[in-house]
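Remarks on the structure that follows.
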Amino acid sequence: MTAAGLEEQSVKAPRSTHNPRDLKRWRQYLADERAEAATYRDLARRRTGEERDILLALADAEGRHEAHWLGLLGDEAGRPVRPSVRNRLLGLLARRFGSVFVLALAQRAEGRSPYAADPTATSAMAADEQIHEEVVRALATRGRNRLSGNFRAAVFGANDGLVSNLALIMGIGATGVSTGFILVSGLFGLLAGALSMGAGEYVSVRSQRELLSATRPTQVTLTASKELDIAANELVLVYRARGMTPEAATHRAEERMGLAACDCDPSFSLQPENDTSEDAHEQVGTGLGAAASSFCFFASGAVIPVLPYLVGLTGLAAIVTACVLVGLALLATGAVVGLLSGASPLKLALRQLAIGLGAAAATYLLGMLFGTTAI
């Protein structure tokens, strides 16, 4: 072949100058960036106003990262690679639900970005990912605040039902009593515990909401300020007690008494549109909602240890089956809490499992001790 022919062949089929491992990694980055952008757009379709704009802005940022990897790959981008399992799951959840669970997962995904340790990613991209985590955290916090009160009652109720009734059944079973007695004890433990949890949550939440309401400032300053002694202006003390600096408190008092214009310093003035005092009430939840969640979830958790006895199992087989079923449920509740809190689902699931089965094992040993003593 002539030199001209060799030159023509090299132009048609240029040899790659990139490391194959780099190409593989960049293609995966490209697929993940595209998937994350699609997830944010899917979430934006279920939002309005500011939240929608923020999610679309995040999608645009992922698009800029996508362009970076396309620029590095050039003609070697090849066929599209499948996104990671995590990003495929995120996309599926975003399309189906668009809930706080998706934002919590997205928060964890942004926090585990590999760009900071990858020299082929720019420092701006690594910084973007860190900021994205905080943006998603803030968006997820809004959803967490809306469900945290009743969610706390639900998780606490389910976990308490699982652990307390398993411990009750194992403790009674270790004494050597009949299967029928164990079953009846478990059912009444379910009923008594669910009623107690529901009533306790209602009283607890109502009391906490009343306490929060008692701390909210009243509007007495609007009416009483007209009669105050200007020389001994105690209105200043009201605002200082609410946390204002002396300067801000003096300005607010003068404003209330008509001695200062309302637009002298807007930061000192009352701004009802920025009042977030209801957020604390949202986080606590409602009394009836917390009571219902606690009752239902305690009952749903407490029935699981009873199931083996309901289907006719006895002795060690029933105890082992109950422990396995409760263990799976504890893993599930721990994982859900981990997802919503942005922590490791596996770590919290294992923590729930260890605490729950540990308490049940202690009760079982005590039951054996008391059963032997009684005999």
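Applying the criterion of being at pLDDT 80 or above and touching a Gly at 6+ places or on another chain (Cβ under 6 Å) to the residues of the range 165-207, the residue that is surrounded by the fewest Cβ atoms within 10 Å (Cβ to Cβ) is Gly176. Taking each residue of the range 67-90 that is within 11 Å of Arg34 (Cβ to Cβ) and looking for partners that are of a type in the set (Ser, Thr, Tyr) with beta-carbon atoms closer than 7 Å, six or more apart or interchain, yields Trp69/Tyr29. Here is the figure for the range 43-65: residues that are charged (D, E, K, R) and surrounded by 21 or more Cβ atoms within 10 Å (Cβ to Cβ) total 1. Among the residues that make up the range 306-327, is at least one of them in contact (Cβ under 8 Å) with a residue 60 or more places away in the chain, under 30 Å from Leu139 (Cα atoms) and within 24 Å of the chain's Cα centre (by Cα)? Within the range 306-327, not a single residue is in contact (Cβ under 8 Å) with a residue 60 or more places away in the chain, under 30 Å from Leu139 (Cα atoms) and within 24 Å of the chain's Cα centre (by Cα). Of all the residues in the range 122-140, those that are part of a helix (DSSP H, G or I) and among the hydroxyl-bearing types (Ser, Thr, Tyr) number 1.
The values are calculated or read from the model by the stated rules, or taken from the named source; none is laboratory data. These numbers were taken from a predicted model, which means no experiment stands behind them. Here the Cβ is made from the backbone with ideal geometry for all residues, glycine too, and neighbour counts use every protein chain on show.
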